[in-house]
């Protein structure tokens, strides 16, 4: 499965928002896409912080930023 282009993703997110705003998201596709997109950004931040932490000598600041990013991602999905 190919990754959508930035334009395709933008259009899909706009449509998902429209579904939610107009209360016609019968099968929760819009809700799911918006939620997954939000969580994806949080998890991408964890990955960036983890890479930085591992490549920067594992500094205390890098560790703190990584822990904060993990906590933020976990808070967005209590089932994680």
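Among the residues here, residue 10 qualifies as free of Cβ contacts under 8 Å to residues at least 60 places away in the same chain, farther than 25 Å from residue 74 by Cβ and in a helix (DSSP H, G or I). Cβ separations smaller than 8 Å between residues 6+ apart or across chains give the following pairs from segment 60-80 residues that are more than 16 Å from residue 41 (Cβ to Cβ) to residues that are exposed (fewer than 12 other Cβ atoms within 10 Å of the Cβ): 62/56. Restricting segment 27-80 to residues that are part of a loop (DSSP other than H, G, I, E, B) and either touching a strand residue (DSSP E or B) at 6+ places or on another chain (Cβ under 7 Å) or at pLDDT below 95 (or both), the residue that is surrounded by the fewest Cβ atoms within 10 Å (Cβ to Cβ) is 79.
The values are calculated or read from the model by the stated rules, or taken from the named source; none is laboratory data. Note that this is a predicted model, so its numbers are computed, not measured. Positions of Cβ are backbone-derived with ideal geometry, glycine not excepted, and every protein chain shown enters the neighbour counts.
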